[in-house]
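I have placed the structure first, in the form of structure tokens, so that the comments after it can refer back to it.
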Amino acid sequence: MTHSTRWAAALLLLSLAACGSTPPTQYYILDAGPLTEPQGSAPFIGVGPITLPDYLQEDHVIAQRDGSKLSLASYARWAEPLRDGIARVLLLSLASGLDTQHVQHFPWRRDQQPDLAVKVEVIAMDASDSNARLIAQWNVQKTADGTTVLRQLSHLNQSLEQSGQNAVPEAYSALIQSLGREISAAIRSLPVDSN
């Protein structure tokens, strides 16, 4: 192979590589959705800790579930740790649902302990072709003495409204919003002396 033939082959390979560009990576956050602005100041609610299974601690969006097989979305990533996004959406949802501006993320200072702490363990959060699901164990504790006043295992489902990689983050947002509404309703049903 002559020198000029090598240059021509190298230029051809470079030009072919340029033609096969990959789509840009899209970054997503969970969305709290439309909320009413809280006006009250009680109860003081703490959110956290939030625990996730290891597979949800990746920055890739889990695009699909097929039995025990999970698929990563090639060009979809979380812009923040998913644990932080879940805590943020829950905090906003609880503030709105309980009409309280007095909310705080875990960890909190000893001198600023909330009345109630909402702890969430996400057991599963994934999607199939048409549906996303969330299974979460949550409890509400009085921080003053550590007494658990509520404990529940929630199974939530959300239809995927569209196809493509946008569908999963939107469905996950809706699932966390639903979880926030469920927890808010349960806290509102507590006797007044439980808060």
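The values are calculated or read from the model by the stated rules, or taken from the named source; none is laboratory data. If you're wondering where the values come from, they're calculated on a predicted model, not measured in any experiment. Neighbour counts run over all protein chains shown; Cβ positions are idealised from the backbone, glycine included.
Data overview
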item: Answer residue from segment 127-157, given it is in contact with a Leu (Cβ under 7 Å, 6 or more places away or on another chain) and buried (at least 20 other Cβ atoms within 10 Å of the Cβ) and is farthest from GLY67 (Cα to Cα) among those; result: VAL140
item: Qualifying position, being surrounded by fewer than 20 Cβ atoms within 10 Å (Cβ to Cβ) and either in contact (Cβ under 8 Å) with a residue 40 or more places away in the chain or within 24 Å of PRO191 (Cβ to Cβ) (or both), among ALA87, ALA32; result: ALA32
item: Matching strands (runs of 3 or more DSSP E) fully within segment 1-93 where at least 2 residues are of a type outside the set (S, T, N, Q), in contact with a strand residue (DSSP E or B) (Cβ under 8 Å, 6 or more places away or on another chain) and modelled with pLDDT of 90 or more; result: 26-28, 45-51, 69-78
item: When residues of segment 72-117 are limited to those that are farther than 17 Å from GLY46 by Cβ and not aliphatic (A, V, I, L, M), the one nearest to the chain's Cα centre (by Cα); result: GLY85
item: Whichever residue in segment 150-171 is part of a helix (DSSP H, G or I) and in contact with a strand residue (DSSP E or B) (Cβ under 6 Å, 6 or more places away or on another chain) and, among such residues, is farthest from ASN131 (Cα to Cα); result: PRO169
item: In segment 99-111, the residues that are assigned to a loop (DSSP other than H, G, I, E, B) and closer than 27 Å to HIS60 by Cα; result: PHE106, PRO107
item: Filter result for SER96 (free of Cβ contacts under 8 Å to residues at least 60 places away in the same chain, among the hydroxyl-bearing types (Ser, Thr, Tyr) and either touching a Ser or Thr at 6+ places or on another chain (Cβ under 7 Å) or in a loop (DSSP other than H, G, I, E, B) (or both)); result: no
item: Residue list for segment 65-77, filter: in contact (Cβ under 8 Å) with a residue 24 or more places away in the chain and either among the basic types (Lys, Arg) or over 18 Å from THR25 (Cβ atoms) (or both); result: ARG65, ASP66, LEU70, ARG77
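Every residue, every condition in (1) in contact with a helix residue (DSSP H, G or I) (Cβ under 8 Å, 6 or more places away or on another chain); (2) surrounded by fewer than 18 Cβ atoms within 10 Å (Cβ to Cβ), yes or no:
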| site | (1), (2) |
| --- | --- |
| PRO53 | no, yes |
| ARG65 | no, no |
| PRO81 | yes, yes |
| VAL122 | yes, no |
